Amino acid sequence: MAKNSSVNLDITNNSIGWTIGGGTSKRNLTINGTGDTTLTAQQAIVLTLPNRATDTVVGWGDYTAKGVILVGTGAGTFTALAVGTDTFQLTADSAQASGVKWALPSGGASGVTSWVNVTGTTQTMSSAVGYYANNASAVAFTLPATAAQFEYMEIVGIQGSWNVIQGSGQSIVLGDITTTVGAGGSLASTNAADGIKLQCIVANTKWQVVSSVGNITYV
């Protein structure tokens, strides 16, 4: 039997023993004659369904932050995956408990998906990002500590000059030469409009200049 009005909804089936509704609150639940249970907002409900293991109902409370998504773990459960960094994409990764992760996009043919106008004197670089060296004197760019093989970065000179600073164990290949390994090695522009495009050829440690404009010097 079902009753419906502007203030009330009752659903009753005595043959299988459950009742939903009752009163203006419409939040009373009776299952198999065990009594009333009041359901509140965002309350988790564990259900034992015929021919199925115990299941958990997804509620508003599972989405606690903007951009969070729920993904399966492969173990009959789900986990909340927080939103990724701006411009990152959801990528399959079997090494993750959820099977997916947020990661930098491949960037297509150019390999660079966003650009930063650098007007200061220092800038730590990131994969898949292009940079405008736009300081009247000089910009010191630092290679990222971590970068995946085949990812790209780019520098375009606008004014002043720029140089690329290496970290421990890092080096850059420029044609038939390789910079000094570690913090002692670097690349630098000669003129304001000089530029380079770098590709990581050994994860985290080695880059190659795949194209350049102007006379690039090295140490």
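The values are calculated or read from the model by the stated rules, or taken from the named source; none is laboratory data. Note that the structure is a prediction, hence the values are computed from the model and not measured. Methodologically, a virtual Cβ is constructed for each residue, glycine included, from the backbone with ideal geometry; neighbour enumeration extends over all protein chains shown. Accessible surface areas use protein heavy atoms only, side chains included; no ligands, DNA or RNA. Shrake-Rupley method; radii C 1.70, N 1.55, O 1.52, S 1.80 Å.
Considering only segment 118-165, state which residues are without any contact (Cβ under 8 Å) to a residue 24 or more places away in the chain and open to solvent by 40 Å² or more (accessible area, probe 1.4 Å).
Within segment 118-165, T119, T121, T122, Q123, T124 meet the criteria.
Are any residues in segment 64-89 open to solvent by 60 Å² or more (accessible area, probe 1.4 Å) and in contact with a Phe, Trp or Tyr (Cβ under 6 Å, 6 or more places away or on another chain), and if so, which ones?
Selection gives F88 alone.
Go through (1) modelled with pLDDT of 85 or more; (2) surrounded by fewer than 16 Cβ atoms within 10 Å (Cβ to Cβ) and name the single condition A95 misses.
With (1) modelled with pLDDT of 85 or more; (2) surrounded by fewer than 16 Cβ atoms within 10 Å (Cβ to Cβ) applied to A95, the lone miss is (1).
May I ask you to list the residues in segment 132-164 that are under 22 Å from the mean Cα position of the chain (by Cα), of a type outside the set (A, V, I, L, M, F, W, C) and farther than 20 Å from A183 by Cβ?
Of everything in segment 132-164, those that are under 22 Å from the mean Cα position of the chain (by Cα), of a type outside the set (A, V, I, L, M, F, W, C) and farther than 20 Å from A183 by Cβ turn out to be Q149, E151, Y152, E154.
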